[in-house]
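Working notes, beginning with the structure itself.
Coordinate-derived values only; no laboratory data. As the structure is a prediction and not an experimental result, all values here were calculated from the model. Glycine gets a Cβ as well: all are built from the backbone with ideal geometry, and neighbour counts include every protein chain shown.
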Amino acid sequence: MSTIRNVGIVGAGQMGCGIAHVCAVAGYKVQIYDLSAERIEAGLATIHGNLARQVASGKMTDEDRKNALARISGSADINDLSQADLVVEAATEDETVKRKIYGNVCPVLKADAILATNTSSLSITRLASATDRPERFMGIHFMNPVPVMKLVELVRGIATEEDTFATAKQFVATLDKTVTVAEDFPAFIVNRILLPMINEAIYTLYEGVGTVDAIDTAMRLGANHPMGPLQLADFIGLDTCLSIMQVLYEGLADSKYRPCPLLVKYVEAGWLGRKSGRGFYDYRGEVPVPTR
C-alpha cells in the first residue's frame, strides 16, 4: 500500500473543511485549496470553532486542538497541492465543475498521488476518465457533518487499482471512521436509499397529505428518526438533494426517482435550506418556522 502523510483538500466549503478537520486531528498535514481566499478564511474559522467545541465537551485536549490547527494550511494557489499524497476533491455536486477541477489539479500532482472525489452520487468511472490517473482515482464519500458522522463510503471505478483501494481503506481507518464499500451505481448506498425517502416526504407535502411540521413530527416520533426528512433536506441543501435525485432519475431511468416539482420550485426560488436562510423552514429568526 502507498503511504499517506500529506492530504490535499479541494474546496473550503462545509464538506472540505470537515474532511480537513478530521485529517488534521488524525495527525495528517492538510492543505486546503480553494479559488476564494474568503472561503478559505471562513472555512478555517469554522474548523477553529468546531475544534474548540470538542475541547469544551471533553472530546480532546486543548494541546491536541492546537496541534491539529498547526497541521492545517489554506491556499488559493493550486501549486500548493504538489506535495500531497492524497487529494480529496470536495467541490459542488456538479460533474462539469469537477471535471474542470481535475484538469487543473492533475498537472501539479505527484505521479503516484491518489486523487479522490467526495461525490455523493456521480459515476466514479466517468469522473476518473477526466483525469490522467484513473487507476489512482476513486470515491471517498464522507457524511455530513464529517467530524460527527462515523461512516465513509468507498467506491471504486472500473479502472481503480487494488493498491489505491487498499490505501484509501487504511487511510479512512486511521480517521476513526467505519468503511462501507459500494459499487459504482448512481448515488451508491446511503443516498440511493435516503434521498428517495426525502423526495417522497416532499411529495407528501406537495400533495397536501401533511404540513411540514406534521410530516417531520410523524417521522421523528413514528419512525424514531433523529430529525424529520424535510428538516434533513434543509440541512443537506435542497440543491444537493435535487442534484442527487436527477442523477438517480437519469441514471436508472425509473419514474420512481422523478424529483418532486415542489423541490424543483424551491431550488429555483433560491430556497436551498439552512445555508440560504430558507427552505422547508425559515431560519432567519431565532427559531426555525415551517414555510408551509
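List of remarks:
- Distance (nanometres) between label positions extended 7 Å along Cα→Cβ at Thr96 and Leu252: 2.6 nm
- With the highest mean first, a sort of the peptides 282-291, 263-272 on other beta-carbon atoms found within 10 angstrom per residue produces 263-272, 282-291.
- Between the alpha-carbon centres of the range 88-127 and the range 204-228 there is a gap of 36 Å.
- Val287-Glu200 FRET efficiency (beta carbon distance; Förster radius 25 Å; 0.05 resolution): 0.40
- Amide H to amide H, with H built 1.01 Å from N, Gly8 comes under 5 Å of Gln31, Asp85, Leu86, Val87, Val88, counting only residues 5 or more places away or on other chains.
- Alpha-carbon centroids, the range 140-169 and the range 1-73: separation in whole Å: 18 Å
- Peptides 195-203, 165-173, 250-258, 145-153, ordered by how many other C-beta atoms sit within 10 Å of their residues on average, highest first, read 195-203, 165-173, 145-153, 250-258.
- Degrees, to the nearest 10: 238-252 long Cα axis against longest axis of the chain: 90 degrees
- The residues Arg136, Arg5, when put in order of fewest to most other Cβ atoms within 10 Å, stand as Arg5, Arg136.
- Calculated FRET value between Phe235 and Lys169, using beta carbons and R₀ = 30 Å, to 0.05: 0.60
- Length-normalised contact order of the chain in % [C-alpha pairs under 8 Å, at least 6 apart]: 13 percent
- Close amide H pairs (under 5 Å, H built 1.01 Å from N) link Asp282 with Val289, Thr291, residues at least 5 positions away or on another chain.
- Pairs from Lys177/Lys265; Lys100/Lys275; Lys98/Lys265 whose Cα-Cα separation, in the structure shown, is over 27 Å: Lys177/Lys265
- Listed peptides 64-76, 214-226, 234-246 by packing density, highest first (mean Cβ within 10 Å): 234-246, 64-76, 214-226
- The amide H of Thr117, built 1.01 Å from its N in the peptide plane, has Glu89, Met138, Gly139, Ile140 as neighbours under 5 Å, considering only residues 5 or more places off or on other chains.
- Cα-based helix-to-principal-axis angle, 190-206 vs the chain, degrees rounded to 10: 30 degrees
- Within the chain: Cβ-based charge dipole about Cα centre, in debye rounded to nearest 20 (Lys, Arg +1; Asp, Glu -1): 340 debye
- Computed extension gain for Phe185 through Glu41, at 0.36 nm per residue and net of the alpha carbon distance, reaches 48.3 nm.
- Fraction of antiparallel bridges per DSSP, the chain only, in percent to nearest 5: 25 percent
- Computing Rg/Rh (Cα atoms, Kirkwood Rh) for the structure here picks out one of (i) 1.04; (ii) 0.97; (iii) 1.36, namely (ii).
- Between 0 and 90°, nearest 10: helix 95-105 axis offset from the chain longest Cα axis: 10 degrees
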